[in-house]
Amino acid sequence: MKHVDVKDIMTDKSYVGKEVVVCGWVRTARDSKNMAFIELNDGTSLKHIQLVVNKEEFDKADSLATFTKLGSSLKAVGTVVPSAVAGDGSVEINVTELELLGPCPEDYPLQKKRTSLDTLRTMPHLRVRTNTFNAVFRARSVLAAAIHEYFQDRNYVYVNTPLITGSDCEGAGEMFRVTTQSYEDAAKYESAEEYYADDFFGKTAGLSVSGQLEGEVAAMAFGKIYTFGPSFRAEKSNTTRHVAEFWHVEPEVAFAELDDIIEIAEDMIKYVVKKYVETCPEELAFFEKFFEPGLSAKLQNVIDSDFQILDYTDAIKLLQEAPVDFKFPVEWGCDLQTEHERYITEEVFNKPVFVTNYPKEIKSFYMKQNPDGKTVAATDLLVPGIGEIIGCSEREADYDKLLEAMEVRGMDKESYADYIDLRKFGSVPHSGFGLGFERILMYVTGIQNIRDVILFPRTVGTIR
Ligand code: 4AD
Ligand code: MG
């Protein structure tokens, strides 16, 4: 079906005066005695194009009512002309031919009235046709491209790490199991070992929570790598910031220490936010109007100002001295709760904050131990309104120290043999981070529920 994108007609003035074919879905329609006005959206732009139909010249005027039903899909032929009323340089189409591709009956759930995001969540297959999701998914696409661009332009190699894994990267027991063994067969086995020995891989397997461990393997050959793919977490936390399947951006950089990787993370965030602000002015204005007043100024501030770096120990002091009654008590050694993160980012700094050098007990086995013996060279990037969007660390590059950290945690060294080998054969200082793609999307759109920035959210008790 040869046709032109609405976005191109709207931005390329050379279409004015030309005949075009457009296809799309009816978003609204008005009817007067002689004329009908149809707002058509083809998904290429947040704005709709107006189709102007002169009923007297239109041979299907009788059936126009079915053409103009909200949600119907149309193909229209007509001439691009400057908008008669807008007077702002925008264009509309004087229609000569109209073809109904698919009618849309009255029970179409998306009627003119604005539907709440909660209600839209019950129809993930249709909600994408609203302005909000049109804007969200363009932002998502532009951001994804900007992330690739950032790394590609800087000699990083894009690698795809396995989704099915035999080792748990974060070690927090949040893995989904991957098995072909059936529940009915379980009774046939004397022990769990025998049961798993008979499984597809001959041992337990799961969906990867992070591509980091394999990313480190690649970084030891290619120097700078990044992954951008799904990670899976079977966390039973039903929050507005957690999904069971999320998209994870994970660079891994050889010869980088904690300071270096912090610089890279900040630079990358600034780059992608800037790219988004430049590429998506209409979407940004839309989010500002309907979701977060002040969003543009917030993002400009992200681009222009230095992120805060705050040592964990100083963060604890700051929280202890805060004139706030936190629900979770604060003492050195505790993990920061959402209320603590929000206080630090929103009340104290009002910008992104890297909290560094966490106590080793609350962090993962692979993080480099600091000389103080108590902390690790790790950082979380916290942002106002959301909390953690990046988990980052320098990796333990010392063979003995890594083994010791694994032993303390009672980990099975066998299943990490390849990873441990990296410390044996030409080990180098290296660092990396994981950015939650949906989390940064929430940050740049002002959308408050992670379920609304991913096509089909997977959360505890919900899948469709
Ligand atoms: O802090 P996390 O657990 O770190 C890692 O997985 C490291 N292996 C990353 C690395 O160094 N390569 O996860 C990283 C980020 C979090 O900061 C958060 O933004 C996101 O992944 N994330 C989630 N996003 C949505 N839903 C969930 N359930 C998430 N869990 C983590
Ligand atoms: Mg984390």
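Distance from the alpha carbon centroid of segment 382-415 to that of segment 1-76 works out to 56 angstrom.
If contacts are Cα pairs under 8 angstrom and at least 6 residues apart, what is the relative contact order of the chain in percent? If you can, show how the numbers build up before the last one.
Numbers: 832 pairs, mean separation 60.3, N = 464.
Relative contact order, the chain: 13 percent.
Under a model in which nothing but the beta-carbon of Lys, Arg (+1) and Asp, Glu (-1) is charged, segment 46-186 shows a dipole of about 380 debye around its Cα centre.
Each eigenvalue of the Cα gyration tensor of the chain, multiplied by 5 and square-rooted, gives one semi-axis; in descending order these are 49, 27, 21 Å. Between GLN300, GLY410, THR68, whose Cα lies farthest towards the positive end of the dipole of the chain when Lys and Arg beta carbons carry +1 and Asp and Glu beta carbons carry -1, centred on the Cα centre? In the chain, that residue is THR68. Given a 1.4 Å probe and every protein chain left where it sits, what share in percent of the accessible area of the chain is carbon and sulfur? It is 51 percent, rounded to a whole number.
Comparing GLY202, ALA145, TYR183 along the charge dipole axis of segment 138-204, the residue lying farthest to the positive side is ALA145, per the Cβ-charge model.
Count the lysine pairs in segment 273-409 that are 8 or more places apart or on different chains: how many have C-alpha atoms under 13 angstrom apart?
7
Per-residue 3J(HN,Hα) values for segment 94-104, derived from phi via the Karplus relation 6.51 cos²θ - 1.76 cosθ + 1.60 with θ = phi - 60°, read 7, 7, 10, 9, 9, 10, 7, 7, x, x, 9 Hz in sequence order (x marks Gly and Pro). Residues of segment 25-68 with an amide N closer than 12 Å to a point placed 7 Å from the Cα of GLU282 along the Cα-to-Cβ direction: 40-50. Simple spin-label estimate for PHE200 and ARG114 gives 4.5 nm between the two label positions (7 Å along the Cα-to-Cβ direction from each Cα). Using the Cβ-Cβ distance between GLU321 and ARG121 with R0 set to 51 Å, the FRET efficiency from 1/(1 + (r/R0)^6) comes to roughly 0.80.
Could you work out the relative contact order of segment 53-116, using alpha carbon pairs under 8 angstrom and six or more residues apart, expressed as a whole percent?
About 38 percent, as a whole number.
Averaging 1/r over each pair of different alpha-carbon atoms in segment 363-444 and inverting the result gives 14.1 Å, the Kirkwood hydrodynamic radius. Phi angles across segment 324-332 convert, under the Karplus curve 6.51 cos²θ - 1.76 cosθ + 1.60 with θ = phi - 60°, into 3J(HN,Hα) values of 9, 8, 6, 5, 9, x, 10, 8, 4 Hz, Gly and Pro given as x.
If R₀ is 45 angstrom, what is the calculated FRET efficiency for the pair ASP62 and ARG458, using the beta carbon separation as r and rounding to 0.05?
Given R0 = 45 Å and the Cβ-Cβ separation, E is 0.45.
If you put +1 on each Lys and Arg Cβ and -1 on each Asp and Glu Cβ, how big is the dipole of the chain around its Cα centre, in Debye rounded to 20?
So the dipole magnitude of the chain works out to roughly 1860 debye.
Does segment 37-120 classify as rounded, prolate or oblate by the C-alpha gyration tensor (a ≥ b ≥ c root eigenvalues; a/c under 1.5 gives rounded; else a/b over b/c gives prolate, otherwise oblate)? Oblate, since a/c reaches 1.5 and b/c is not below a/b. Put simply, the amide H of VAL21, placed in the peptide plane, has neighbours under 5 Å in VAL4, leaving out anything fewer than 5 places away on its chain. Among complete DSSP H helices in the chain, none has alpha-carbon atoms stretching at least 27 Å along the helix's long axis together with a mean Kyte-Doolittle hydropathy reaching 1.0.
The values are calculated or read from the model by the stated rules, or taken from the named source; none is laboratory data. Only a predicted model underlies this, so the values are computations on that prediction, with no experimental measurement involved. Neighbour counts run over all protein chains shown; Cβ positions are idealised from the backbone, glycine included. The accessibility values were calculated without ligands, DNA or RNA, using every heavy atom of the protein model including side chains. Shrake-Rupley method; radii C 1.70, N 1.55, O 1.52, S 1.80 Å.
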